[in-house]
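Visitor: The structure that follows is given in the form of structure tokens.
The values are calculated or read from the model by the stated rules, or taken from the named source; none is laboratory data. Computed from a predicted model, the values in this text were never measured in an experiment. Because the Cβ atoms are built from the backbone with ideal geometry, glycine has one as well, and the counts that use them run over all protein chains shown.
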Amino acid sequence: MDDDDVASTGRSAPLGATVLPGGVNFSVFSRGASGVELLLFDREDDARPTRVIPIDPAANRTYHYWHVFVSGVRPGQTYGYRVYGGWDPANGMRFDPTKVLLDPYGRAVVVPKSYSRDAARLKTDNAATAMKSVVADVSAYDWEGDAPLQRPSSQTIIYEMHVRGFTRHPSSGVSEERRGTYAGVIEKIPYLQQLGITAVELLPVFQFDAQDAPPGRINYWGYAPISFFAPHQGYSSRPEPLAPVDEFRDMVKALHRAGIEVILDVVFNHTAEGDHRGPTLSFRGLDNPTYYILEEDRSRYANYSGTGNTLNANQPIVRRMILDSLRYWVGAIHVDGFRFDLASILERDESGHVMPNPPVLLDIESDPTLAGAKLIAEAWDAAGLYQVGSFIGDSWREWNGRFRDDVRSFFRGEEGSVERFADRLIGSPALYGHKQREPEGSVNFVTCHDGFTLNDLVSYDGKHNEANGEGSRDGVDDNRSWNCGVEGPTEDASVEKLRTRQVKNFFTVTMLSVGMPMMLMGDEVRRTQGGNNNAYCQDNEISWFDWAQLAKRADVHRFVTLLNACRVLRDVEHERQRVTLNELIRQADVTWHGVRLHEPDWRHSSHSVAFTARCTKQRVFFHVILNAYWEPLEFERPAFANGGRHPWRRWIDTFLDSPHDIVDWERAPTVPGHGYRAEPRSVVVLFAGLEPERQSP
């Protein structure tokens with residue numbers, strides 16, 4: 001059958017490959033192309049397409065959209081594009097018809113076993129080794145009534161995790177074929193429920209180029225996107241071309257059934273195509289000056305991302321693609337929110353200047369489809385733009401990097417840190433007070449994927465990134481860590497006890513501070529990366545969750561589980577309304593103290609502070625003591641709460657051994673007298689009033 005018999009004009013909208021009665025409509029944008037061919041393949045590693053369908057620039061082009069309807073094509077069809085045009089890098093043009101290009105709107109991607117990033121750099125045909133798109137009918141899925149959960153931010157505890165690293169280790173107990181996959185995550189949902197987290201924040205799951213890494217290594221984190229609509233094929237447990245789409249949705253649906261939201265770490269600031277020496281995989285070969293911010297020398301790419309290129313996010317075509325991607329993941333895939341990597345880049349215009357009202361961010365915030373989604377900004381970029389506390393908009397939440405830094409500084413006894421630390425405890429009003437936002441606009445964290453794990457934060461004074469092959473030049477140097485007296489692993493029981501105490505201190509402050517808390521995968525069992533603070537290229541036991549640590553660090557795991565469980569409580573009046581510790585403290589009247597009541601030492605102390613929080617509405621009182629000093633300190637405290645009607649009871653004392661370090665509310669012992677001896681480097685939490693009814697995790 002001739003191509004003319006099976007191909008017709010088609011239409012420009014929607015972009016991508018759309019399944020229609022009798023066939024599929026293909027549409028792709030290219031402003032400067034002189035010709036476009038649609039290539040259909042039987043298999044992902046075919047060296048030649050089985051069909052080549054030229055897209056007529058006269059009959060099959062509307063504005064800059066090239067489109068064609070092909071009858072008989074069904075979901076599962078593998079395809080790509082060849083695009084013809086000028087090769088003129090000095091003017092920003094990089095058309096290369098020897099390259100098979102991914103569809104920017106492709107819903108699925110297949111990767112040949114012979115995939116070669118290097119082949120995509122050379123002036124030779126790369127059909128056999130190129131990633132290719134797959135036609136998907138995303139409406140053909142039974143959601144069984146599922147929908148995004150829209151959990152209030154005040155009741156949210158985020159668990160930042162890596163899909164592969166979570167279950168890839170042999171100790172995970174996950175069946176071998178499912179280790180490191182979306183299906184593997186499903187098997188471990190009971191663990192997440194028991195831990196008490198309410199949302200998983202997944203490191204990048206858009207299709208990325210795993211070869212975008214130093215020679216001999218792999219891009220493990222996934223911050224190398226090449227398709228903003230397709231789930232990463234390498235995280236599927238099944239080989240079929242459309243399996244990643246269905247398996248990802250299976251995972252989302254299963255997490256929702258368990259009451260757990262799904263937040264995606266999205267990368268709209270750059271792509272895997274790299275700098276001027278990089279490969280041609282998709283955008284570069286379709287319309288280079290549209291998709292990327294170029295330097296004055298148009299052969300070079302602006303590099304505000306630190307990875308070689310910068311996506312031209314406020315260009316209308318790119319802006320639409322970003323919005324369409326977000327709408328797709330919410331509408332068709334049911335995710336609950338997004339964390340935007342290097343979000344400040346999205347404020348830059350086509351010349352790289354910071355815009356006062358960046359269209360893409362305002363579009364995202366005001367889009368009705370995204371109105372219920374959590375929007376979280378990493379409010380900085382790699383070129384020095386730092387906007388924590390000043391990111392644009394009304395509904396954006398921010399990764400509070402100041403919280404991370406100031407909490408770390410306090411617990412290592414850094415001079416002059418107490419006042420900043422106190423501000424972080426109550427929602428960082430010095431940063432966010434002018435915005436009149438809800439306190440949960442601050443996402444509070446001490447560790448994340450980028451940097452030390454919590455175990456390594458208390459075990460290493462310096463980074464140890466030798467395994468990355470860059471002479472430890474990579475990774476940040478300002479870790480604000482303290483090794484507790486010994487660099488790295490030790491058999492010294494006293495050092496180990498101190499490290500465990502510090503880990504519990506960090507967890508306690510993160511969970512009690514006003515804001516939305518986030519914890520890093522494995523910190524609850526003191527997961528270590530051996531001091532590597534930039535393990536982006538380590539797809540091995542350096543990065544994987546070692547489940548054997550669950551038994552070894554049972555005391556830490558228990559502590560975190562109880563801490564999480566008590567963050568979300570039933571209302572103390574035993575009504576049906578739910579309230580959180582976060583809400584109690586943010587609604588409270590807070591009084592600051594030093595070792596003496598009402599005498600905080602803001603100017604000179606670098607090691608201790610205390611506060612009393614009185615929430616009269618719920619008749620609950622907290623007294624919190626934080627001692628980062630190397631010696632015990634005797635703190636005064638009110639003898640009774642609420643005019644002497646309620647005695648103080650001890651909930652947490654991180655100096656005590658398990659199970660006394662944290663107790664169930666109903667079993668909390670009373671604390672007599674007018675003082676409390678806070679042991680070295682410890683956190684104490686006392687409460688009084690009607691006892692909240694604890695919710696099971």
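Visitor: From the residues in region 341-395 that are among the hydroxyl-bearing types (Ser, Thr, Tyr) and under 19 Å from the mean Cα position of the chain (by Cα), which one is surrounded by the fewest Cβ atoms within 10 Å (Cβ to Cβ)? Let's see the steps before the verdict.
Guide: Taking region 341-395 first, the residues among the hydroxyl-bearing types (Ser, Thr, Tyr) are 344, 351, 366, 369, 386, 390, 395.
Subset that is under 19 Å from the mean Cα position of the chain (by Cα): 344, 386, 395.
Details: SER344: 27, TYR386: 12, SER395: 15.
It comes out as TYR386.
Visitor: Which condition number does GLY673 fail, the rest of (1) closer than 24 Å to ASP555 by Cβ; (2) exposed (fewer than 14 other Cβ atoms within 10 Å of the Cβ); (3) at pLDDT below 90 being met?
Guide: All conditions pass for GLY673, except number (1).
Visitor: Now a separate question. Can we say VAL595 is modelled with pLDDT under 90, over 28 Å from PRO489 (Cα atoms), touching a strand residue (DSSP E or B) at 6+ places or on another chain (Cβ under 6 Å) and not assigned by TED's automatic domain parsing to the domain that holds ARG424? Can you show your working first?
Guide: Working: modelled with pLDDT under 90: no; over 28 Å from PRO489 (Cα atoms): yes; touching a strand residue (DSSP E or B) at 6+ places or on another chain (Cβ under 6 Å): yes; not assigned by TED's automatic domain parsing to the domain that holds ARG424: yes.
Here the answer is no, as VAL595 does not meet what is asked.
Visitor: Somewhere in region 15-38, is a residue acidic (Asp, Glu), more than 16 Å from SER282 (Cβ to Cβ) and surrounded by 13 or more Cβ atoms within 10 Å (Cβ to Cβ)?
Guide: Checked against the condition, which is being acidic (Asp, Glu), more than 16 Å from SER282 (Cβ to Cβ) and surrounded by 13 or more Cβ atoms within 10 Å (Cβ to Cβ), region 15-38 yields no hits at all.
Visitor: Here are GLY32, GLY16, GLY23: which of them is at pLDDT 95 or above, in contact with a Pro (Cβ under 9 Å, 6 or more places away or on another chain) and either over 19 Å from TYR105 (Cα atoms) or not assigned by TED's automatic domain parsing to the domain that holds ASP246 (or both)? Before the answer, list the steps.
Guide: Details: GLY32 fails: at pLDDT 95 or above; GLY23 fails: in contact with a Pro (Cβ under 9 Å, 6 or more places away or on another chain).
Sole residue among the options that is at pLDDT 95 or above, in contact with a Pro (Cβ under 9 Å, 6 or more places away or on another chain) and either over 19 Å from TYR105 (Cα atoms) or not assigned by TED's automatic domain parsing to the domain that holds ASP246 (or both): GLY16.
Visitor: Does at least one position in region 44-60 carry a residue that is part of a strand (DSSP E or B) and either surrounded by fewer than 13 Cβ atoms within 10 Å (Cβ to Cβ) or not assigned by TED's automatic domain parsing to the domain that holds THR129 (or both)? Write out each step before concluding.
Guide: Looking only at region 44-60, we keep the residues that are part of a strand (DSSP E or B), and these are 51-55.
Subset that is either surrounded by fewer than 13 Cβ atoms within 10 Å (Cβ to Cβ) or not assigned by TED's automatic domain parsing to the domain that holds THR129 (or both): 52.
Checked against the condition, which is being part of a strand (DSSP E or B) and either surrounded by fewer than 13 Cβ atoms within 10 Å (Cβ to Cβ) or not assigned by TED's automatic domain parsing to the domain that holds THR129 (or both), region 44-60 yields at least one hit.
Visitor: Which members of region 32-43 meet the condition of being assigned to a loop (DSSP other than H, G, I, E, B) and out of contact with any Ser or Thr (no Cβ under 9 Å at 6 or more places or on another chain)? Don't jump to the end; show me each part of the working.
Guide: Let us first name the residues in region 32-43 that are assigned to a loop (DSSP other than H, G, I, E, B), namely 32-34, 42-43.
Within region 32-43, ALA33, SER34 qualify.
Visitor: Then there is this: Among the acidic types (Asp, Glu), surrounded by fewer than 24 Cβ atoms within 10 Å (Cβ to Cβ), more than 24 Å from GLU679 (Cα to Cα) and without any contact (Cβ under 8 Å) to a residue 24 or more places away in the chain: does that describe ASP450? Break it down into steps so the answer makes sense when it comes.
Guide: Numbers: among the acidic types (Asp, Glu): yes; surrounded by fewer than 24 Cβ atoms within 10 Å (Cβ to Cβ): yes; more than 24 Å from GLU679 (Cα to Cα): yes; without any contact (Cβ under 8 Å) to a residue 24 or more places away in the chain: no.
It is false that ASP450 is among the acidic types (Asp, Glu), surrounded by fewer than 24 Cβ atoms within 10 Å (Cβ to Cβ), more than 24 Å from GLU679 (Cα to Cα) and without any contact (Cβ under 8 Å) to a residue 24 or more places away in the chain.
Visitor: Working only within region 520-553, note down all residues that are assigned to a helix (DSSP H, G or I) and either touching a Ser or Thr at 6+ places or on another chain (Cβ under 8 Å) or crowded, with 20+ Cβ neighbours inside 10 Å (or both). First the steps, then the outcome.
Guide: Going through region 520-553, the residues assigned to a helix (DSSP H, G or I) turn out to be 523-525, 549-552.
Across region 520-553, the qualifying residues are ASP523, GLU524, VAL525, GLN549.
Visitor: ALA493 is checked against (1) farther than 30 Å from PHE687 by Cα; (2) crowded, with 24+ Cβ neighbours inside 10 Å; (3) of a type in the set (A, V, I, L, M) and fails just one. What number does that condition carry?
Guide: (2)
Visitor: Hey, another quick one. Within the set of pairs 6+ apart or on separate chains, which have a first residue in region 362-389 that is touching a residue at least 24 places away in the same chain (Cβ under 8 Å) and more than 19 Å from PRO152 (Cβ to Cβ), a second that is of a type in the set (Val, Ile, Thr) and part of a loop (DSSP other than H, G, I, E, B), and C-beta atoms under 8 Å apart?
Guide: Matching pairs, first to second residue: LEU362/ILE392; ALA379/VAL388; TRP380/VAL388; ALA382/THR307.
Visitor: If you scan region 646-658, which residues turn out to be touching a helix residue (DSSP H, G or I) at 6+ places or on another chain (Cβ under 7 Å) and not hydrophobic (A, V, I, L, M, F, W, C)?
Guide: THR654, SER658
Visitor: Scan the helices (runs of 4 or more DSSP H) fully inside region 309-425 and keep the ones with 3 or more residues being farther than 18 Å from CYS448 by Cα and not basic (Lys, Arg).
Guide: Details: elements: 316-331, 359-366, 401-411, 418-425.
Per the criteria, 316-331, 359-366, 418-425.
Visitor: Separate question: Can you tell me which of VAL174, VAL185 is buried (at least 21 other Cβ atoms within 10 Å of the Cβ), assigned by TED's automatic domain parsing to the domain that holds ALA230 and free of Cβ contacts under 8 Å to residues at least 60 places away in the same chain?
Guide: On the way: VAL185 fails: free of Cβ contacts under 8 Å to residues at least 60 places away in the same chain.
Every option except VAL174 fails the conditions.
Visitor: Another one. Give the number of residues within region 290-306 that are among the β-branched types (Val, Ile, Thr) and buried (at least 21 other Cβ atoms within 10 Å of the Cβ).
Guide: Let us first name the residues in region 290-306 that are among the β-branched types (Val, Ile, Thr), namely 290, 293.
Filter once more, keeping what is buried (at least 21 other Cβ atoms within 10 Å of the Cβ): 293.
Residues meeting the conditions: 1.
Visitor: Could you grab the pairs with beta carbons closer than 7 Å, sequence gap of 6+ or different chains, first residue in region 401-424 and over 12 Å from VAL509 (Cβ atoms) and of a type in the set (Asp, Glu), second one in a loop (DSSP other than H, G, I, E, B) and modelled with pLDDT under 95?
Guide: Listed by first residue and then by second, the contacts come to GLU414/SER606; GLU415/SER606; GLU419/TRP602.
Visitor: Condition check: part of a loop (DSSP other than H, G, I, E, B) and either outside the structural domain of ARG402 (by TED's automatic domain parsing) or modelled with pLDDT under 95 (or both). Does SER472 satisfy that? Give the steps one after another, and end with the answer.
Guide: On the way: part of a loop (DSSP other than H, G, I, E, B): yes; either outside the structural domain of ARG402 (by TED's automatic domain parsing) or modelled with pLDDT under 95 (or both): yes.
Answer is yes for this residue.
Visitor: Let me ask something else. State yes or no: is GLY145 modelled with pLDDT of 95 or more and either part of a loop (DSSP other than H, G, I, E, B) or in contact with a strand residue (DSSP E or B) (Cβ under 9 Å, 6 or more places away or on another chain) (or both)? Break it down into steps so the answer makes sense when it comes.
Guide: Working: modelled with pLDDT of 95 or more: yes; either part of a loop (DSSP other than H, G, I, E, B) or in contact with a strand residue (DSSP E or B) (Cβ under 9 Å, 6 or more places away or on another chain) (or both): yes.
The answer is yes for GLY145.
Visitor: For residues that are among the basic types (Lys, Arg) and touching a strand residue (DSSP E or B) at 6+ places or on another chain (Cβ under 9 Å), tally how many sit in region 540-564.
Guide: 1
Visitor: Still on this model: Assess whether PRO112 counts as being closer than 12 Å to ASP46 by Cα, touching a residue at least 40 places away in the same chain (Cβ under 8 Å) and under 30 Å from the mean Cα position of the chain (by Cα). Write out each step before concluding.
Guide: Numbers: closer than 12 Å to ASP46 by Cα: yes; touching a residue at least 40 places away in the same chain (Cβ under 8 Å): yes; under 30 Å from the mean Cα position of the chain (by Cα): yes.
For PRO112, the condition - closer than 12 Å to ASP46 by Cα, touching a residue at least 40 places away in the same chain (Cβ under 8 Å) and under 30 Å from the mean Cα position of the chain (by Cα) - is met.
Visitor: Kindly state which strands (runs of 3 or more DSSP E) lie completely within region 63-124 and contain at least 3 residues that are surrounded by 17 or more Cβ atoms within 10 Å (Cβ to Cβ) and out of contact with any helix residue (DSSP H, G or I) (no Cβ under 8 Å at 6 or more places or on another chain). Can you show your working first?
Guide: On the way: elements: 65-71, 78-84, 108-110.
In region 63-124, 65-71, 78-84 are the strands (runs of 3 or more DSSP E) which contain 3 or more residues that are surrounded by 17 or more Cβ atoms within 10 Å (Cβ to Cβ) and out of contact with any helix residue (DSSP H, G or I) (no Cβ under 8 Å at 6 or more places or on another chain).
Visitor: So for region 272-294 (the condition being of a type in the set (A, V, I, L, M), part of a loop (DSSP other than H, G, I, E, B) and more than 19 Å from ARG117 (Cβ to Cβ)), does at least one residue qualify? Break it down into steps so the answer makes sense when it comes.
Guide: Going through region 272-294, the residues of a type in the set (A, V, I, L, M) turn out to be 272, 281, 286, 293-294.
With the extra rule that they be part of a loop (DSSP other than H, G, I, E, B), the set shrinks to 272, 281, 293.
Then keep just the ones that are more than 19 Å from ARG117 (Cβ to Cβ); that gives 293.
Yes, the conditions are met somewhere in region 272-294.
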